[in-house]
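Novice: Here's a structure for you.
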Amino acid sequence: MQLSPRTPIAKFLSLIACLAAAVLYLALASSQYLAYRFAEKTDRASLQLACRLDPWNAEYQYKLGRILTLLQRGPEASDAFTRATELNSHDATYWLNLAATQDVLGFPQRRRYALQQATAVDPKSASVAWEVGNLYLTERDYVSAFDQFQTVLKAAPSLSGQVIPLCWNARPDVDALLNDALPASPAVYSSFLEFLMAKNETASAAKVWTQIVNLGQPAQLSDVNDYIRYLIGQRQPEQARMVWEQAAPLCGIQSYQPSHDNLVVNGDFSLNILNGGFDWIYDKRPDVSLELDPTQPHLGPRSLLISYDSGGLDDSGIRQLISVEPNTAYHFSAYFKTQQLEGAGGPRFFLQDFYNEKPYFESDDLKDSEVWKPTNGDFKTGPKTSLLSLQVKRVPSGGAIRGRIWIDGIRLRPGKESGQ
């Protein structure tokens with residue numbers, strides 16, 4: 001028998017069905033709402049209740065696993081994280097926490113599987129790769145760990161300061177890090193170079209610098225200056241000179257290279273002063289000011305103006321390091337002019353061995369000339385001298401001095417000694 005939808009019985013049954021559906025919906029909604037409210041709490045009982053009220057919510061299972069981990073309930077935490085990955089296998093965080101739990105419980109194969117799932121879910125995430133890499137390190141799987149750290153640095157080169165020490169402490173092998181852990185990036189390599197300099201790993205630092213050069217990409221001049229300063233401190237001036245040459249195309253400093261005719265860089269002050277490397281280096285001092293002056297040129301478009309107002313001075317705060325050959329004759333020349341320069345003695349050009357401070361050349365006092373005047377001299381380096389320091393010093397040292405001096409056309413070239 002078939003009831004007509006218009007009969008009273010049919011209407012009654014339809015009403016009952018609607019009421020049942022409404023009750024079921026309200027029950028489900030209430031259950032989910034209560035589960036949500038309980039899941040906002042951070043105690044074990046509330047989260048367990050949330051999971052019972054809404055057993056299909058992966059996030060509640062994850063939160064329960066976290067609480068159980070803190071309570072050192074390893075097996076129960078493992079079950080909760082496992083349930084979370086079953087409900088949502090596309091969240092790498094669930095897999096990472098499951099892996100950590102398996103590690104605590106002593107199940108290395110399960111741990112590795114969970115790690116593999118985490119990286120499969122989010123293979124390019126720096127945060128995921130960081131966690132996975134650290135977990136691999138704990139089992140001394142350096143190949144897998146370094147692969148993950150390379151992913152970290154590809155996504156976030158700014159994390160080099162954290163990744164590099166971690167990898168080096170695990171395996172202090174420059175070749176392993178360059179080949180397996182670090183992406184080919186100037187920024188990352190520069191961070192590695194800085195790290196190795198801080199540890200006085202000179203040979204390893206040289207390998208990193210070679211990789212920077214081989215990349216052929218723009219580099220930061222400040223990084224180059226730091227490396228040159230380090231090499232000079234390590235008594236490797238020849239290596240420092242080579243680095244300066246190799247950095248020319250990387251930093252746009254081709255014009256700042258010494259030549260056979262003039263080993264002084266930027267001797268006519270036509271270029272801006274870099275304050276590092278093998279260009280002029282200056283120190284800011286309250287009683288001396290340095291200024292590139294286009295109103296008083298001589299051989300170039302401008303000269304260097306040094307203004308003194310000092311009650312006691314040793315040097316003028318301007319210097320340049322010059323790479324030279326041992327047992328070699330050189331000729332130095334420069335031009336100067338002064339204005340109202342007062343004080344006993346005067347400024348002088350000094351050339352001396354950078355390391356042992358053996359003097360090789362000292363000019364006459366640079367004073368009493370309001371027109372451009374030359375100064376020059378010859379000398380021969382000693383058998384162990386390979387780096388000179390060119391300075392403008394005050395003689396007598398510590399004496400008061402006031403006034404202005406311009407210098408220009410500074411040259412140093414290989415040549416015969418005086419009298420030969």
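Novice: Under the rule of at least 5 residues apart or a separate chain, name every residue whose amide H is placed under 5 Å from the amide H of Gly399.
Specialist: Leu313
Novice: For a quick check of understanding: with a 1.4 angstrom probe and all protein chains in place, what accessible area in square angstrom does Tyr335 have, to the nearest ten?
Specialist: Accessible surface of Tyr335 is approximately 70 Å².
Novice: Measure nothing fancy, just the Cα-based angle from helix 92-105's long axis to the longest principal axis of the chain, in degrees from 0 to 90, nearest 10.
Specialist: Between helix and principal axis, roughly 90 degrees.
Novice: Which distance in Å, rounded to a whole number, links the C-alpha centroids of segment 77-128 and segment 179-245?
Specialist: 39
Novice: Between Ala329 and Gln296, take the C-beta separation as r, use R0 = 45 Å, and let me know the FRET efficiency to the nearest 0.05.
Specialist: 0.90
Novice: With everything on Cα atoms, drop me the angle between helix 186-198 and the longest principal axis of the chain, reported from 0 to 90° to the nearest 10.
Specialist: 70
Novice: May I ask you to derive the FRET efficiency for Lys373 and Asn214 from their Cβ-Cβ distance with R0 = 35 Å, giving the value to the nearest 0.05? Could the numbers behind the result be given before it?
Specialist: Values: r = 48 Å, r/R0 = 1.38.
Computed FRET efficiency for Lys373 and Asn214 comes out at 0.15.
Novice: Could I ask something else about it? Give the calculated FRET efficiency between Arg52 and Asn134 to the nearest 0.05, with a Förster radius of 45 Å applied to their Cβ-Cβ distance.
Specialist: 0.85
Novice: Normalised by the residues of the chain, what does the relative contact order come to in percent, with Cα pairs under 8 Å and at least six apart? The partial results should precede the final answer.
Specialist: Details: 730 pairs, mean separation 42.0, N = 420.
Relative contact order comes out at 10 percent.
Novice: Moving on. Using only the Cα atoms, work out Rg/Rh for the chain, with Rh taken as the Kirkwood radius, to two decimals. Show your work: numbers first, answer last.
Specialist: Working: Rg = 36.8 Å, Rh = 27.8 Å.
With Rg and the Kirkwood Rh in hand, the quotient comes to 1.32.
Novice: Additional query: Skipping prolines and chain starts, which residues have an amide H placed within reach, meaning under 5 Å, of the one on Thr385, given they are 5 or more residues away or on another chain?
Specialist: Amide H to amide H, under 5 Å and 5 or more residues apart or across chains, Thr385 pairs with Asn327.
Novice: Using the Cβ atoms and a cut-off under 9 Å, what net charge is assigned to the surroundings of Leu98, where Lys and Arg are +1 and Asp and Glu are -1? List each step's numbers first, then the result.
Specialist: On the way: positive: Arg110, Arg111; negative: none.
Net of charged neighbours comes to +2.
Novice: In the chain, what percent of the accessible surface is made up of carbon and sulfur (1.4 Å probe, ligands and nucleic acids excluded)? Walk me through the intermediate numbers first.
Specialist: Working: 10910 of 21600 Å².
Carbon and sulfur together cover 51 percent of it.
Novice: Show me, bin by bin at 10 Å from 0, the whole-percent P(r) of segment 263-420 based on Cα pairs.
Specialist: 11, 42, 37, 10, 0
Novice: Could you give the nm distance between label points at Arg402 and Leu71, where each point is 7 Å from its Cα heading toward the beta carbon?
Specialist: So the label points at Arg402 and Leu71 sit 8.3 nm apart.
Novice: Taking only protein heavy atoms and a 1.4 Å probe, what accessible area per residue, in Å², does segment 143-214 have with all protein chains in place? Can you show the working numbers first?
Specialist: Numbers: 3030 Å² over 72 residues.
So segment 143-214 comes to 42 Å² accessible per residue, rounded to a whole number.
Novice: Return, for the Cα atoms of segment 107-249, the radius of gyration and Dmax in Å, separated by a comma.
Specialist: For segment 107-249, the Cα radius of gyration and maximum Cα-Cα distance read 16.8, 55 Å.
Novice: Can I ask one more? Subtracting the Cα-Cα distance from 0.36 nm times the residue separation, let me have the gained length for Ala120 to Ala156 in nm, one decimal.
Specialist: On the way: separation 36, 0.36 × 36 = 12.96 nm, distance 1.91 nm.
Gain on stretching Ala120 to Ala156: 11.1 nm.
Novice: Still on this structure, please answer the following. Past 19 Å, Cα to Cα: identify those pairs from Lys199/Lys358; Lys337/Lys380; Lys337/Lys393; Lys199/Lys384, in the order given. Intermediate results must be reported in sequence, preceding the final value.
Specialist: Working: Lys199/Lys358 30 Å; Lys337/Lys380 27 Å; Lys337/Lys393 16 Å; Lys199/Lys384 27 Å.
Over 19 Å apart, Cα to Cα: Lys199/Lys358; Lys337/Lys380; Lys199/Lys384.
Novice: Defining a contact as two alpha carbons under 8 Å apart and six or more residues distant in sequence, what relative contact order in percent does segment 209-334 show? The partial results should precede the final answer.
Specialist: Numbers: 139 pairs, mean separation 25.1, N = 126.
About 20 percent, as a whole number.
Novice: Report the extension gain between Gln109 and Asp141 in nm, rounded to one decimal, defined as 0.36 nm multiplied by the number of residues separating them, less their alpha carbon distance. Present the calculation step by step, with values, prior to reporting the outcome.
Specialist: Values: separation 32, 0.36 × 32 = 11.52 nm, distance 1.32 nm.
Result: 10.2 nm gained on full extension.
The values are calculated or read from the model by the stated rules, or taken from the named source; none is laboratory data. These numbers come from a predicted model, not from an experiment. Glycine gets a Cβ as well: all are built from the backbone with ideal geometry, and neighbour counts include every protein chain shown. Heavy atoms of the whole protein, side chains included, go into the accessibility calculation; ligands, DNA and RNA do not. Shrake-Rupley method; radii C 1.70, N 1.55, O 1.52, S 1.80 Å.
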